[in-house]
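Step one of this worksheet: look at the structure below.
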Ligand SMILES: Nc1ncnc2c1ncn2[C@@H]1O[C@H](COP(=O)(O)OP(=O)(O)OP(=O)(O)O)[C@@H](O)[C@H]1O
Ligand code: SF4
Ligand SMILES: [Mg+2]
């Protein structure tokens, strides 16, 4: 498979007068053509800022302070506003968690769809046909009559679909999806995820999917990176992550997944709170919450290292953590619940 995007040693800082926050700290990953890549982790770990950097959409005062984001061998970090707009309009699209923040409330769905493919020279009839086709693609019934409605006339699920239609309007090669279903109820969440999966195949695009939900990762992703305190702490294919996770934080996330034994009871969450990124401990940022922590963990930050082909882990105690049994067995049978999809 060909590489579509290379993120290399990306760092993002939010400076302020009193303290700087390193929201993203040396993040590296590749995206291949046609794959879905998941970014998972607790709130505040840097998922959204990583994603926003890829489109040059960081909000001030956040800025990229290091690294490269190579798209078709061109560095997005170095692009000026005009180049960025071109990439955003035609190559890379984004959908966010809350459609009302992305949809313009005073423009009809038709206008917003037309904007998505304004770079193409189309006749009036072709534009209308394309808009209707897009709404059909995302499963909006009677699209002809809904084109001239405003976002507030759509239900939550329909708005999410309209936003996906607009994001796909330019036939992007890469779709960035930041918690695209969190605001929806479970049934619609499932429909939207299945829709994204189908569209990925039909349009042959790649997706980077940000979520805090390992169930969504299992359903959607080929490969996954687990983030903690601005860094990737584990990265591998989805099946391996669920069958043979190696980072204690990943085990913790899995412990928070519902399974048949915990159904109806309170989930076992990871003890302690996510760290304050402005005041990280000297050593491993996970040490205060980690049951494997040793002296070295409190003194020195671990580097990310390969533990197998295409399996990367950032932890000093790799020998200790090798015995953890994942949620599924490697032959694909279930050991608890969850199940991974291998792309
Ligand atoms: N506007 C801001 N000003 C200062 N710091 C910010 C700002 N936005 C984000 N940050 C910092 O960047 C860190 C990473 O934020 P990010 O939005 O990437 O988190 P996330 O992983 O997407 O979390 P969530 O799951 O809650 O969306 C935050 O913990 C916060 O410290
Ligand atoms: S480096 Fe140490 S503290 Fe950090 S995750 Fe590994 S065992 Fe835990
Ligand atoms: Mg976020």
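Provide the FRET efficiency to the nearest 0.05 for the residue 203-residue 291 pair, computing r from the beta carbons and using R0 = 41 Å.
According to the calculation, E is roughly 0.40.
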Note the direction-averaged projected area, equal to a quarter of the hull surface, for the Cα convex hull of the range 81-123, in nm².
-> 3.9
Along the principal axes of its C-alpha atoms, what lengths does the range 175-249 span, in descending order and rounded to whole Å?
-> 33, 27, 23
Sorted largest first, the Cα spans of the range 23-166 on the principal axes come out in Å as 48, 35, 31
Sorted from fewest to most neighbouring beta carbons within 10 Å, what does the list 237, 295 look like?
-> 295, 237
Dividing the alpha-carbon radius of gyration of the range 124-164 by 2.2 N^0.38 Å, where N counts its residues, gives 1.08
Report, to the nearest 10°, how far helix 186-203 tilts away from the longest principal axis of the Cα atoms in the chain, using its own Cα long axis and a range of 0 to 90°.
-> 70
Give the percent of DSSP beta bridges with both residues in the chain that are antiparallel, rounded to the nearest 5.
-> 65
Fewest Cβ neighbours within 10 Å first, please rank 51, 113 accordingly.
-> 51, 113
What is the distance in Å between the Cα centres of the range 72-131 and the range 1-65?
-> 21
The range 1-155: relative contact order in percent, alpha carbon pairs under 8 Å with at least 6 residues between | 20
In nm, to one decimal, how far is the modelled label at residue 115 from the one at residue 280, with both set 7 Å along Cα→Cβ?
-> 3.6
Extension gain (nm, one decimal) between residue 20 and residue 73, 0.36 nm per residue minus Cα-Cα = 16.0 nm
The FRET efficiency for residue 309 and residue 3, from their Cβ-Cβ distance with R0 = 22 Å and rounded to 0.05, is 0.85
Convex hull projection area averaged over all views, the range 14-104, Cα basis, nm² = 7.5
Residue order, fewest to most surrounding Cβ atoms within 10 angstrom, among 321, 240 = 321, 240
222 nm mean residue ellipticity, helices alone, for the chain (DSSP H n ≥ 4; -39,500 (n - 2.57); rounded to 500) | -8500 deg cm²/dmol
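With the contact rule set at Cα under 8 Å and sequence spacing of 6 or more, what percent relative contact order holds for the chain?
20
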Please find the FRET efficiency linking residue 81 to residue 318, where r is the Cβ-Cβ separation and R0 is fixed at 35 Å, and quote it to the nearest 0.05.
-> 0.20
Once the mean of 1/r over all distinct C-alpha pairs in the range 113-187 is inverted, the Kirkwood radius in Å reads 13.1
Over the chain, what number does the Rg to Rh ratio reach, with both radii from the alpha-carbon atoms and Rh per Kirkwood?
-> 0.98
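Read-outs: derived from the displayed coordinates by stated rules, not from any lab. Since we're looking at a predicted model, the values are computed, not measured. Ideal geometry is used to build each Cβ from the backbone, glycine not excepted, and the neighbour counts take in all protein chains shown.
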